[in-house]
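Read the structure below first, then the notes.
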Amino acid sequence: MWLPQPDLARLFGRELRQSRALSVLVGHEAIGLQCRPDGSVAGLRLRRPDSHEVIVTGQATVLACGTIETARLLLRIAAAWPSSPLAKNVHVGRWFFDHLHGDAGEVRLGDKVAFGRLFDSFYSGGRKLMPKVRLCDQEVARRGVPNCAGLFVGPMSPGLVVQDLRLLLGRIIGSDAGRHAALSEAVQMVRLILPLVLRYLAAHRSAHFIGTTARFRMEMEQLPTAESYLALEEGVPAEHARIKVNWSLDRTQVADFTGFASTVRDYCDQTGLGRLELDPRLLSGDARYFDDCRDSNHQMGGARMANRAGDGVVDPNCQVFGMPGLFVAGAPTFPSGSFANPTLVGMALGQRLVSHLLKGTR
């Protein structure tokens, strides 16, 4: 949402229109594979908007349609072809995971200026960057814990400011009864906003911490588990079945995140940044803390990468085991996900797959 041009259709529109090597089919649903007599994959079976079927073939077939849809297509293929390696691979759709987000506590600010210097968002090249805190790699390795990051969120946000200004403007131009009070409130708001504007102009920072408190939120790595999986709905033909998400957590992980949060609390106290009061459930290692956590729309897994078919769905070159010519790109192949947004890693794997495929065509 903070990119200069978040609409990828517009960002790459010119290349899409001018490319002679690329065709874009809109409204076609992938429903299965087209295979050669030797069992290798030649292409995809697609269902057109008019429900008729069309087959698209090529030297390689790459599924790059996101974690949920990739799993659905692989499971559909397995269901329609019971003798295929996909149908015999127990890992298809398994090891699904996401990133956990949750409020961990509230900090009463001490040195507000120092706190803002550390944790105010800043802007560079048209992008908004949000500072976070995490254990260094050496400490993560020493403790043997999953990755986790924390960020501090103040009561101010651009959306709330715009909303308040809009309501205030409506009161000023409205009835005479509340106009005087609204004008007085407008003066107070200008006194509040002006320092924020000046800070942005001078340092390209957005001052969030203008009150006395801030929320401490954590972004946590979920360790993959076989009990967390994607499956087709029952009682429906595979080609029409929707996907079911069975998201399961290893609830013993809460102790690892308790240790991280306690480290951040001690740091805030020792440096005078503020006093961090943690959620009692988190502080005591109570797994019920996860009850109020949420996912991050960072779906990963379901076609995990491994060195052999007994451990995953795709090999290190992203080819589906036992299915020559069929590849998976992006987050479905992740065997683990750390704590941060997966898009850039998924794109990197896609670029790597392209290089591998180009080498095979020379």
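For Asp292 and Asp111, the FRET efficiency from 1/(1 + (r/R0)^6), where r spans their Cβ atoms and R0 equals 22 Å, is about 0.15. Accessible area per residue for the stretch 257-362, computed on protein heavy atoms with a 1.4 Å probe, is 49 Å². Annotation: for a label point projected 7 angstrom from Cα along Cα→Cβ of Ser336, residues of the stretch 218-242 with backbone N closer than 12 Å are 221-224. Packing, taken as the mean count of other beta carbons within 10 Å per residue, orders the peptides 293-304, 4-15 from highest to lowest as 293-304, 4-15. The structure-derived value of log10 I(q)/I(0) by the Debye sum over Cα atoms at q = 0.08, 0.12 Å⁻¹ appears in the list (1) -0.54, -0.89; (2) -0.42, -0.92; (3) -0.57, -1.03 under the label (3). Estimated from helical segments only, the mean residue ellipticity of the chain at 222 nm is -10500 deg cm²/dmol, where each DSSP H run of four or more residues counts as -39500 (n - 2.57). Between the C-alpha center of the stretch 1-36 and that of the stretch 55-102 there is a gap of 20 Å. Using a probe of 1.4 angstrom and keeping all protein chains present, the accessible surface of the stretch 32-168 works out to 51 square angstrom per residue. Using a Förster distance of 30 Å, how high is the FRET efficiency between Ser83 and His28, based on the Cβ-Cβ distance and rounded to 0.05? In this case the efficiency is close to 0.65.
Quick check: at a probe of 1.4 Å, how many percent of the accessible area of the stretch 28-71 sits on carbon and sulfur atoms? So the carbon and sulfur contribution to the accessible surface is 51 percent.
Proximity of backbone amide H atoms, modeled 1.01 Å from N, is registered between Leu135 and Cys148 at under 5 Å, excluding neighbours fewer than 5 places apart on the same chain. Mind checking which helices in the chain clear 15 Å along their axis (Cα) and have mean Kyte-Doolittle hydropathy of -0.5 or more, DSSP H runs only? Qualifying helices: 67-80, 158-172, 179-203, 254-271, 343-361. Can you work out the PRE-style zone for Lys244? Point 7 Å along Cα to Cβ, and I want the residues of the stretch 298-316 with backbone N under 19 Å. Counting only backbone N, you get 302-303. Among the protein heavy atoms of the stretch 271-338, carbon and sulfur supply 45% of the accessible surface, probe 1.4 Å, non-protein parts ignored. The lysines whose alpha-carbon is closer than 25 Å to the alpha-carbon of Lys128, local same-chain residues fewer than 8 away aside, are Lys112. Computed from phi, the 3J(HN,Hα) profile of the stretch 319-331 under the Karplus parametrisation 6.51, -1.76, 1.60 (θ = phi - 60°) reads 7, 5, 4, x, 10, x, x, 10, 10, 10, 10, x, 5 Hz, with x in place of Gly and Pro. Summing charges over neighbours of Cys268, with a neighbour being any other residue whose Cβ is under 11 Å away from its Cβ, gives -1 when K and R count +1 and D and E count -1.
Measuring only protein heavy atoms, the 1.4 Å probe finds Asp38 accessible over about 120 Å². Orientation-averaged projection of the stretch 227-362 equals 12.5 nm² [convex hull of Cα atoms, one quarter of hull surface area].
The values are calculated or read from the model by the stated rules, or taken from the named source; none is laboratory data. Here the structure is a predicted model, which means the values were calculated and not measured. So basically every Cβ, Gly included, is an ideal-geometry build from the backbone, and we count neighbours across all protein chains shown. Quick note on the areas: whole protein, heavy atoms, side chains included, nothing else; ligands and nucleic acids left out. Shrake-Rupley method; radii C 1.70, N 1.55, O 1.52, S 1.80 Å.
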